[in-house]
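Take a look at the structure set out below.
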Amino acid sequence: MRGSSDKQLNFFIKGVGVSGGVGIGQIVVIERLTTEICPRRMIKPEEVPAEIQRFESAVKAAAQRLRDIRNSIDQDHPLCDHAYILDTHILLLQDRMFFEGTKAAIASERRNAEWALSDIMMKITSAFDTIEDEYLKERARDIHFIGERVLKLLMGITSRSKVHQLPPNSVIVAHDLSPSDTAQIKKENVFGFAIDMGGKTSHTAIMARSLKIPAVTGLEKVSRLVQTGENIIVDGSTGIVIVNPDPETIFRYRERQEVYRKYQQSLMTFGRLPAVTRDGSRTVRITANIELVDEIEIAASHGAEGIGLFRTEYLFLGRKDLPSEDEQYEVYRLALEHNKPNPVTIRTLDIGGDKISAHLQFSQETNPAMGLRAIRLCLSRTDIFKTQLKAILRAAVHGNCRLLIPMISCLTELIATKEILRQVKEELTEAGMEFEHQVKLGVLVEVPSAVVIADILAREVDFFSIGTNDLIQYALAIDRVNEHVNYLYDTLHPAVLRLIRQVTSAGQARGLQVSMCGEMAGDPVNIPILLGLGIDELSMNSLSIPMVKKLIRSINMDDCAELTRLAFEMQDAAAIHSLLEGWISEHFPKDYFVDQS
Ligand code: PEP
Ligand code: MG
């Protein structure tokens with residue numbers, strides 16, 4: 001391991017690239033306040049009321065400071081669209097477990113406020129630790145950020161963090177960066193982020209993308225290995241960070257930086273164009289995957305022609321109660337109205353097992369990925385399911401709605417779902433509510449058994465959407481979040497390609513639309529095969545849209561067909577990778593379609 005003081009040249013660390021581009025600058029390490037260093041003392045019973053009041057005042061002051069930061073973000077600020085994150089943090093300060101839980105701990109355990117609060121923070125974050133879903137996991141960070149803010153106030157640490165006074169050419173290195181810190185940085189002075197924690201859906205990642213600052217997260221301990229003032233390169237496209245680069249490396253990366261900048265600029269025009277192949281014979285609809293309704297604007301500005309996957313889990317997150325039918329209706333209506341006449345594919349709740357137990361006290365499961373999740377949970381909690389379906393059907397009158405059911409593994413589940421849909425329609429009619437009777441119904445094909453019976457399922461639905469993220473984990477027996485087996489997770493495994501072909505064939509035989517919404521859909525390397533197999537719609541993270549459109553507009557269907565034929569003759573993923581990557585680099589040598597590191 002590298003010591004913090006040795007100046008090893010070109011010290012290389014690999015993380016997750018979450019915001020593209022190259023940043024070159026000088027490190028500013030943002031120290032974190034750990035909960036371990038807070039003062040801990042037992043208090044006397046008579047001290048309890050004053051200690052509770054001290055905690056309440058600190059929470060109030062933290063809320064006021066967050067409000068001030070939020071109000072300083074005006075309409076033109078690049079983070080304007082994300083100011084809601086700070087609103088969420090203000091609300092979280094009143095979270096029952098956080099606020100009441102700390103006060104209860106002060107009173108019942110007679111601990112000083114700092115101690116009680118840090119224990120509560122630990123409890124909340126460890127409850128999230130068992131959660132498999134990356135997005136939900138990241139929300140534990142929110143609790144941590146607000147907790148640290150209150151802790152600092154309790155401990156009298158009033159100094160504003162360094163983010164205010166960053167000199168030009170700064171690259172922020174931190175264990176984690178709170179949204180409020182991110183909101184306060186001077187964008188023109190910050191050339192990159194290198195962060196220990198987090199993945200693609202962390203708030204740091206979301207904000208870095210909006211600010212167009214190159215960022216790498218998941219670096220584990222970079223904040224402990226480097227010092228303020230050292231030079232650093234952050235390549236947010238490849239996830240590579242280089243500390244103390246030599247002049248030749250800097251030169252190489254400056255060139256790369258320029259290529260990337262020009263490339264991105266040129267790409268944005270493609271977002272506005274249709275994804276039609278060069279020969280004009282095929283048009284593919286390109287849609288976006290979103291978790292939050294606030295992402296709709298970003299999706300539209302990058303050229304999304306609707307929403308191919310609206311992950312509705314977030315609505316159920318971070319709260320002890322369930323979102324009401326009206327609350328859900330408002331969110332779905334907003335998404336549908338904004339995208340009209342383009343489609344919005346609303347996936348019903350994909351949560352369960354360990355994902356929900358932390359919030360809603362469902363039973364713990366030893367193998368949650370294969371447990372009571374998604375449609376299985378909904379069929380066992382028809383109260384939750386019916387409420388969501390009613391909200392969706394009511395909202396559907398405001399746009400072009402498609403209903404997508406996750407984790408279907410057999411026909412019985414699909415039939416049961418349709419029966420519940422029928423009951424829901426009946427109940428809405430009885431209640432005299434306006435709703436859409438003809439919402440298109442689709443199966444998210446992500447369990448291998450659903451692929452094998454795709455011909456049977458096809459008779460019951462209007463469309464298929466292939467969820468490769470889960471399909472690959474189940475088909476190849478690779479836990480998608482286990483870093484030890486991650487190397488086996490391969491979108492171009494011949495088995496995966498055969499599974500996709502089976503779904504497209506079954507769909508096409510019945511004239512169904514077949515889309516793909518797993519991460520595989522947004523990686524340009526896969527595009528020729530996906531077109532060759534006849535996928536009608538590709539749904540992806542918004543930032544990939546212009547690049548994918550550009551590629552589709554540059555290729556001919558003949559080439560796609562030929563590459564698909566060749567790939568299906570090959571026996572392992574490595575050969576298929578070199579076929580596709582080789583073809584793309586040969587035909588588009590100046591493009592960023594493949595990693596050019
Ligand atoms: C998938 O499994 O491919 C998918 C799109 O759903 P999620 O990533 O939300 O599980
Ligand atoms: Mg899935």
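The values are calculated or read from the model by the stated rules, or taken from the named source; none is laboratory data. What you see is a predicted model; the values in this text were computed from it and never measured. Every residue, glycine among them, receives a Cβ derived from its backbone with ideal geometry; neighbour counts consider all protein chains shown. Note: accessible area is taken over every heavy atom of the protein model, side chains too, but ligands, DNA and RNA are not part of it. Shrake-Rupley method; radii C 1.70, N 1.55, O 1.52, S 1.80 Å.
Residues considered: Ile242, Ile290, Ile298, Ile250. Of these, the only one that is within 16 Å of Gly23 (Cβ to Cβ) and buried (at least 19 other Cβ atoms within 10 Å of the Cβ) is Ile242. Of all residues in region 449-474, those that are in a loop (DSSP other than H, G, I, E, B) and near ligand 2 (Cβ under 10 Å from one of its atoms) have Cβ atoms under 9 Å from Cβ atoms of residues that are open to solvent by less than 10 Å² (accessible area, probe 1.4 Å) and acidic (Asp, Glu), 6 or more apart or on another chain, in Gly467/Glu446. Residue pairs whose Cβ atoms lie under 8 Å apart, separated by 6 or more positions or on different chains, with the first residue in region 286-312 and over 21 Å from Gly534 (Cα atoms) and within 16 Å of ligand 2 (Cβ to nearest atom) and the second modelled with pLDDT of 95 or more and open to solvent by 10 Å² or more (accessible area, probe 1.4 Å), are Phe310/Arg347; Arg311/Arg347; Thr312/Arg347. Scan region 376-402 for residues that are open to solvent by less than 20 Å² (accessible area, probe 1.4 Å), of a type in the set (D, E, K, R) and over 16 Å from Asp462 (Cα atoms) and the total you get is 0. Residues that are within 30 Å of Glu325 (Cβ to Cβ), within 16 Å of ligand 2 (Cβ to nearest atom) and modelled with pLDDT of 95 or more do not occur anywhere in region 424-434. Would you confirm whether or not region 248-255 contains a residue that is among the aliphatic types (A, V, I, L, M), under 20 Å from Ile552 (Cα atoms) and part of a helix (DSSP H, G or I)? Scanning region 248-255 turns up no residue that is among the aliphatic types (A, V, I, L, M), under 20 Å from Ile552 (Cα atoms) and part of a helix (DSSP H, G or I). If you filter region 214-239 down to residues that are part of a strand (DSSP E or B) and either open to solvent by 20 Å² or more (accessible area, probe 1.4 Å) or among the hydroxyl-bearing types (Ser, Thr, Tyr) (or both), you find that the one that is farthest from Gly198 (Cα to Cα) is Asn231. Here is a check on your reading of the model: is Ala477 assigned to a loop (DSSP other than H, G, I, E, B) and either touching a helix residue (DSSP H, G or I) at 6+ places or on another chain (Cβ under 9 Å) or β-branched (Val, Ile, Thr) (or both)? Answer is yes for this residue. Screening the candidates Ile478, Ile415, Ile405, Ile472 for the property of being open to solvent by less than 50 Å² (accessible area, probe 1.4 Å) and at pLDDT 95 or above yields one hit, Ile405. Going through (1) within 29 Å of Asn556 (Cα to Cα); (2) within 16 Å of ligand 1 (Cβ to nearest atom) one by one, Asp479 falls short only on (1). Scan region 98-125 residue by residue and report those that are touching a residue at least 60 places away in the same chain (Cβ under 8 Å) and assigned to a helix (DSSP H, G or I). Ile106, Ala113, Glu114, Trp115, Ala116, Leu117, Ser118, Met121, Met122 - these are the residues of region 98-125 that are touching a residue at least 60 places away in the same chain (Cβ under 8 Å) and assigned to a helix (DSSP H, G or I). Candidates Asn526, Asn541, Asn556: the one that is open to solvent by less than 30 Å² (accessible area, probe 1.4 Å), touching a residue at least 40 places away in the same chain (Cβ under 8 Å), of a type outside the set (A, V, I, L, M) and in the same structural domain as Val344 (by TED's automatic domain parsing) is Asn526.
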